[in-house]
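The values are calculated or read from the model by the stated rules, or taken from the named source; none is laboratory data. Note that the structure is a prediction, hence the values are computed from the model and not measured. With ideal geometry, Cβ positions are generated from the backbone for all residues, glycine too; neighbour counts draw on all protein chains shown.
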Amino acid sequence: MILAVVDDLLFRSKISSAAKALGVELAVASSADAALEKARERRPFAILLDLDGTKTRPLDLLRAFRADPELAAVRTLGFVSHVHAEVIREARAAGVDEVLARGAFAQVLPDILRRLATGTAESR
C-alpha cells in the first residue's frame, strides 16, 4: 500500500485516479495527524508527500516518520514546486528519499506508482 499525503484536491484526484487505473492500493491523508495514524495502522511501503502542503505540515511529518522506529525505513517521495529550492533542501535534510518538481511528478506519476508498488527503489 502507498500512502499519499496531499491536501491539494487536484493532485489527490490525479494520484487516486492513476493508482486505481494501475490497480495499486492507495490510502490518502489530507492532514498530518491522519497521515501518522494511517501510516501506523496500515504500514505503507511508500509515502508520497506534497511538500507544498499547508495542512499536512510535510517537513514536520517527514521528521516524525523518520523518528518513528516502525516508520523510519518507509520509502518517501516528495513533490514540490520547482521554485521552492529551500523546501527541497529542507526535505532532503529531513531524510526524504526522492524529490521531484510537481510538473515532473505529474508527468511520470504512473511510472512512479508502478515503481513504488513493486519496490523498485532508487538510491537516496
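Out of all the residues in the stretch 26-43, which are in contact (Cβ under 8 Å) with a residue 24 or more places away in the chain and within 14 Å of the chain's Cα centre (by Cα)?
Once the filter is applied, which keeps residues that are in contact (Cβ under 8 Å) with a residue 24 or more places away in the chain and within 14 Å of the chain's Cα centre (by Cα), the stretch 26-43 yields Leu26, Ala27, Val28, Ala29, Ser30, Ser31, Ala32, Ala35, Leu36, Lys38, Ala39, Arg43.
Which condition does Arg115 not pass, out of (1) of a type in the set (D, E, K, R); (2) surrounded by 16 or more Cβ atoms within 10 Å (Cβ to Cβ); (3) more than 14 Å from the chain's Cα centre (by Cα), if it passes all the others?
(3)
Checking the structure you have, find out if any residue of the stretch 7-14 is in a helix (DSSP H, G or I) and within 12 Å of the chain's Cα centre (by Cα). Reasoning before the result, please.
Taking the stretch 7-14 as the starting set, the residues that turn out to be in a helix (DSSP H, G or I) are 9-14.
Applying the additional criterion that residues be within 12 Å of the chain's Cα centre (by Cα) yields 11-12.
The answer is yes; a qualifying residue exists.
Look at Leu49 and say whether it is at pLDDT 90 or above, closer than 18 Å to Gly119 by Cβ and in a strand (DSSP E or B). Walk me through how you get there before you give the answer.
On the way: at pLDDT 90 or above: yes; closer than 18 Å to Gly119 by Cβ: no; in a strand (DSSP E or B): yes.
In short, no.
Step by step: first the residues of the stretch 8-29, then only those that are surrounded by 18 or more Cβ atoms within 10 Å (Cβ to Cβ) and small (Gly, Ala, Ser), then the one that is nearest to Ala106 (Cα to Cα). Which residue is that?
Filtering the stretch 8-29 for residues that are surrounded by 18 or more Cβ atoms within 10 Å (Cβ to Cβ) and small (Gly, Ala, Ser), the one nearest to Ala106 (Cα to Cα) comes out as Ala18.
Select from the stretch 67-124 the residues that are in a helix (DSSP H, G or I), under 19 Å from Glu25 (Cα atoms) and not charged (D, E, K, R) and list them in ascending order. Full working, then the answer.
Taking the stretch 67-124 first, the residues in a helix (DSSP H, G or I) are 67, 85-94, 102-107, 109-118.
Subsequent filtering for residues that are under 19 Å from Glu25 (Cα atoms) retains 105-106, 109-118.
If the condition is that a residue be in a helix (DSSP H, G or I), under 19 Å from Glu25 (Cα atoms) and not charged (D, E, K, R), then Phe105, Ala106, Leu109, Pro110, Ile112, Leu113, Leu116, Ala117, Thr118 are the ones that fit.
Taking only pairs six or more apart or across chains, which ones have beta-carbon atoms under 6 Å, a first residue in the stretch 86-111 that is over 25 Å from Ser16 (Cβ atoms) and at pLDDT below 95, and a second residue that is of a type in the set (D, E, K, R) and assigned to a helix (DSSP H, G or I)?
Going by the 6 Å Cβ cut-off, the qualifying pairs are Ala94/Arg63; Gly95/Arg66.
One line per residue, one yes/no per condition, for (1) within 19 Å of Arg12 (Cβ to Cβ); (2) small (Gly, Ala, Ser); (3) surrounded by fewer than 20 Cβ atoms within 10 Å (Cβ to Cβ); (4) touching an Asp or Glu at 6+ places or on another chain (Cβ under 6 Å):
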{"residue": "Ala35", "(1), (2), (3), (4)": "yes, yes, no, no"}
{"residue": "Leu48", "(1), (2), (3), (4)": "yes, no, no, no"}
{"residue": "Asp52", "(1), (2), (3), (4)": "yes, no, yes, no"}
{"residue": "Lys55", "(1), (2), (3), (4)": "yes, no, yes, yes"}
{"residue": "Leu62", "(1), (2), (3), (4)": "yes, no, no, no"}
{"residue": "Asp68", "(1), (2), (3), (4)": "no, no, yes, no"}
{"residue": "His82", "(1), (2), (3), (4)": "no, no, yes, no"}
{"residue": "Glu86", "(1), (2), (3), (4)": "no, no, yes, no"}
{"residue": "Leu109", "(1), (2), (3), (4)": "yes, no, no, no"}
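Does the stretch 73-84 contain any residue that is among the charged types (D, E, K, R) and at pLDDT below 90?
no
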